[in-house]
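Report on the structure given below.
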Protein chains: 2
Amino acid sequence: MKGIRQLAKHLDISIGTVSRALNGKADVNAETRQRVLAAAVELGYVANQSGRSLRQGTTNVIGLMMESSKETTENGDNFFLGLTGGLQSVLSRHKLDLIMLPCPSDEDPTEYLQRMVARGIVDGMILSATQRIDHRLEFLSRTKIPFVTLGRSQSGGQYAWIDLDFEGVANSAVDRLIAQGHRRIAIAAPSNDINLGYIFLDGYKRALKRHGIAFDPSLVLRVKSSEQGGYQAAHEMLLLEDRPTAIILIYELMAIGLYRRLTEAGVIPGRDLAVIGFREEPRAKFLQPTLTCFRMSLRDLGVELAETLLATMPAYAPFYPKGPSNTIWPLELVPGESDSFKLKS
Amino acid sequence: MKGIRQLAKHLDISIGTVSRALNGKADVNAETRQRVLAAAVELGYVANQSGRSLRQGTTNVIGLMMESSKETTENGDNFFLGLTGGLQSVLSRHKLDLIMLPCPSDEDPTEYLQRMVARGIVDGMILSATQRIDHRLEFLSRTKIPFVTLGRSQSGGQYAWIDLDFEGVANSAVDRLIAQGHRRIAIAAPSNDINLGYIFLDGYKRALKRHGIAFDPSLVLRVKSSEQGGYQAAHEMLLLEDRPTAIILIYELMAIGLYRRLTEAGVIPGRDLAVIGFREEPRAKFLQPTLTCFRMSLRDLGVELAETLLATMPAYAPFYPKGPSNTIWPLELVPGESDSFKLKS
DNA sequence: CTGAAAGCGCTTACAG
DNA sequence: CTGAAAGCGCTTACAG
């Protein structure tokens, strides 16, 4: 005999009472509860999750899906680990555990997600790397699994999401560069179908328009979201006939590769070319000259993601009355030396 | 009605036959099996994991425990994502799923592990960041949960582990530096209680002894396993009265911070100071001059970890007859420019 | 306040 | 080859 039955026998009471005591139900004698709690600690008893899940229909587990693409893996990405702290601080309030689900790079993300959901190992999902057309969202909407995404999509209809303020970043960056006299401003955008690339490009176009500058497609450099991509972007930019005087990057690690290619070519950031990076990154802090970029708290973002998800789950919605929400997450400009020069006109 | 019952009703057969067909049991009529399989796909049926787990006593899930310490998080760590590909390629052979379990930095790792194990959400565990004294190993040994660790420990008695060949790295690095005329060789070792620091230090001492060089404790720089730690190591080294002519690093990202501090001080790696880094890292590939370091395949290591774990699990041991094993994982030296100069004597 | 019992969704001996 | 039934470990109406 094992499990709750053993514990009940040990205490010479019924398993029902043990369960109620352990789960903090009100109608349990205070002394009985103490005895049960003490015995549970003593015998190291913790309720088997499969038994609970089967009975309750919930697993008390929230999944964070990650796509371990080759690109991500090779370049390192502390993004997810950075989120977990904030996520867990919220989830632990409700005794929910967080697990990370790495989708193998050779498996279709939608199929992987379907498998995980159908197996019933999570009560809710947090998705990232949202694609412009993302079948995962339709699937989750259809099967009524609570979820929140980091990143907007054209798919999925009404759903909860949080996304970075790409529009704001594009505006700040373009305004700043134009104030310094720049007119030819390139951007390095991801070459895949991730939605943020499209959103950023739109923001960039609108910002240019506001300043009466014509959009030049040749200044949009499509590269991988990686250091190598940054290197590639610099390389392609240097080959342009009418070379831009400034560049905005849309992935944090691009700056490292970009600096390297520029250095090879004798082009000095902040003197010969204005560079504005994306998210502030410890690894990019060591760049010389220091990079102008944007700051945000991964932990706070994790908190917001968790609260937004819980707001969509009936069992927790009362605690988070805001309901399923869509949030644009602000980033704060951190001035560096990489764009601190006025263009001679 | 839902689940297997609904599927069975739809097909007008018993749930037992549905289950047997789905699970590939031999004693099912071929045509029946086809019908079941087709219907399952059509209706999107996948067996509920809680039901299976409860009945079978296994979850078909393997956990990879990660400690998202502040240090790790801030510096980014693609190490785990790099392992997942190899891990999953093995686990998927047996229809096992991999989940990553991030231990919150404010929770005791042993307690976190106990909670996860007691809840019964995994059949086996992969541990990392092994400490010299690591209570997790004793706990897992005691409760007979199959596990493998990345990193040796003094705890836990007989158990399966894989560890990097720190001794080999120390030997190669020291031999190489001494061949170039170096006698004062510093090392930057982690300041926490992680076991690899101790093992590396031992290897380093033995290598020095082999060459008849006295060990000088002041040349052991205890710093954080991060870029900042590398910066700190360079800083401390520059303050030493009798400055070393070479330094060996024990964490891959230290090189980046170290280079930065050296550059600030006008000390050029590969000319004024020989530097040998640890694991080859895409992020460190951009360093100039190129870093001498050690290469290994994270994917292959993932494969080995998974196979070693499965060898300890009765249900899978027949496929991996090597049994619970201890493996020293080799690393291959990749010569760079950072130590390619002969010391004038 | 407590106990006895039902039942969550599966898999698997067992009977035929 | 298939069906009927037991039972994995829990929680929770229900009865007292």
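Per the conditions (1) at negative phi; (2) crowded, with 22+ Cβ neighbours inside 10 Å; (3) more than 9 Å from chain B (Cβ to nearest Cβ), the sole criterion not satisfied by A:Gly156 is (1). Answer yes or no as to whether B:Ala8 is away from DNA strand C (no atom under 11 Å from the Cβ), over 18 Å from the mean Cα position of the chain (by Cα) and farther than 30 Å from B:Trp161 by Cα. No.
Annotation note: Cβ proximity below 6 Å between a residue of the range A:81-106 that is in the same structural domain as A:Glu281 (by TED's automatic domain parsing) and a residue that is buried (at least 19 other Cβ atoms within 10 Å of the Cβ) and modelled with pLDDT under 90 (sequence gap 6+ or interchain) occurs for no pair.
Filtering the range B:17-41 down to residues that are within 12 Å of DNA strand C (Cβ to nearest atom) and of a type in the set (A, V, I, L, M), which residue is nearest to B:Thr110 (Cα to Cα)? The extreme case among them is B:Leu22.
Exactly one residue out of A:Leu310, A:Leu305 is of a type in the set (A, V, I, L, M, F, W, C), over 17 Å from A:Asp165 (Cα atoms) and surrounded by 22 or more Cβ atoms within 10 Å (Cβ to Cβ): that is A:Leu310. Of everything listed in (1) crowded, with 19+ Cβ neighbours inside 10 Å; (2) at pLDDT 90 or above; (3) assigned to a helix (DSSP H, G or I), the single unmet condition for A:Gly63 is (3).
Where helices (runs of 4 or more DSSP H) fall wholly inside the range B:103-218, the ranges with 2 or more residues that are under 19 Å from the mean Cα position of the chain (by Cα) and more than 30 Å from A:Leu83 (Cα to Cα) are B:166-179, B:195-210.
Checking each residue in the range A:172-200 for being within 23 Å of A:Ala129 (Cα to Cα) and surrounded by fewer than 20 Cβ atoms within 10 Å (Cβ to Cβ) picks out A:Ser191, A:Asn192, A:Asp193, A:Tyr198. Taking the conditions (1) in a helix (DSSP H, G or I); (2) at the interface with another protein chain (Cβ under 7 Å from one of its Cβ atoms) in turn, A:Met100 satisfies each one other than (1).
Which residue, of A:Asp97, A:Asp123, A:Asp134, is closer than 24 Å to A:Ser225 by Cα and at pLDDT 90 or above? Working first, answer last.
Values: A:Asp97 fails: closer than 24 Å to A:Ser225 by Cα; A:Asp123 fails: closer than 24 Å to A:Ser225 by Cα.
Going through A:Asp97, A:Asp123, A:Asp134 in turn, the sole match is A:Asp134.
Might you check whether a residue that is assigned by TED's automatic domain parsing to the domain that holds B:Leu221, under 24 Å from B:Asp163 (Cα atoms) and among the acidic types (Asp, Glu) occurs anywhere in the range B:253-271? No, the conditions are met nowhere in the range B:253-271.
Counting only residues that are within 23 Å of A:Ile121 (Cβ to Cβ) and either within 14 Å of chain A (Cβ to nearest Cβ) or near DNA strand D (Cβ under 7 Å from one of its atoms) (or both), the range B:10-19 holds 1 of them. Scanning the range B:29-58 for residues that are part of a loop (DSSP other than H, G, I, E, B), near DNA strand D (Cβ under 9 Å from one of its atoms) and at pLDDT 90 or above gives a single hit, B:Asn29.
Of the numbered criteria (1) over 35 Å from the mean Cα position of the chain (by Cα); (2) more than 16 Å from DNA strand C (Cβ to nearest atom); (3) more than 8 Å from chain B (Cβ to nearest Cβ), the one A:Gly44 fails is (3).
Within the bounds of the range B:192-204, is there any residue that is of a type in the set (S, T, N, Q), in contact (Cβ under 8 Å) with a residue 12 or more places away in the chain and not assigned by TED's automatic domain parsing to the domain that holds B:Arg136? So far as the range B:192-204 goes, yes, one or more of its residues are of a type in the set (S, T, N, Q), in contact (Cβ under 8 Å) with a residue 12 or more places away in the chain and not assigned by TED's automatic domain parsing to the domain that holds B:Arg136.
Here are some residues: B:Pro102, B:Pro109. Which one is in contact with an Asp or Glu (Cβ under 9 Å, 6 or more places away or on another chain) and buried (at least 23 other Cβ atoms within 10 Å of the Cβ)?
Numbers: B:Pro109 fails: buried (at least 23 other Cβ atoms within 10 Å of the Cβ).
Within the list B:Pro102, B:Pro109, the selection yields B:Pro102.
Residue selection: A:Thr58 satisfies the criterion of being surrounded by 13 or more Cβ atoms within 10 Å (Cβ to Cβ), more than 11 Å from DNA strand C (Cβ to nearest atom) and of a type outside the set (Lys, Arg).
Taking the stated definitions as given, is A:Ala265 within 24 Å of the chain's Cα centre (by Cα) and within 14 Å of another protein chain (Cβ to nearest Cβ)? In short, no. The requirement of being in contact with a Gly (Cβ under 9 Å, 6 or more places away or on another chain) and more than 7 Å from chain A (Cβ to nearest Cβ) is not satisfied by B:Ser50. Pairing each residue of the range A:1-20 that is over 15 Å from A:Gln34 (Cα atoms) with any residue that is outside any helix (DSSP H, G or I) and more than 8 Å from DNA strand C (Cβ to nearest atom), provided the two are 6+ apart or on different chains, yields C-beta distances under 7 Å for A:Gly3/A:Asn48; A:Ile4/A:Ala47; A:Lys9/A:Met1.
The values are calculated or read from the model by the stated rules, or taken from the named source; none is laboratory data. Being a predicted model, the structure only gives us computed values, none of them experimental. Here Cβ is always computed from backbone atoms with ideal geometry, including for glycine, and neighbour counts include all displayed protein chains.
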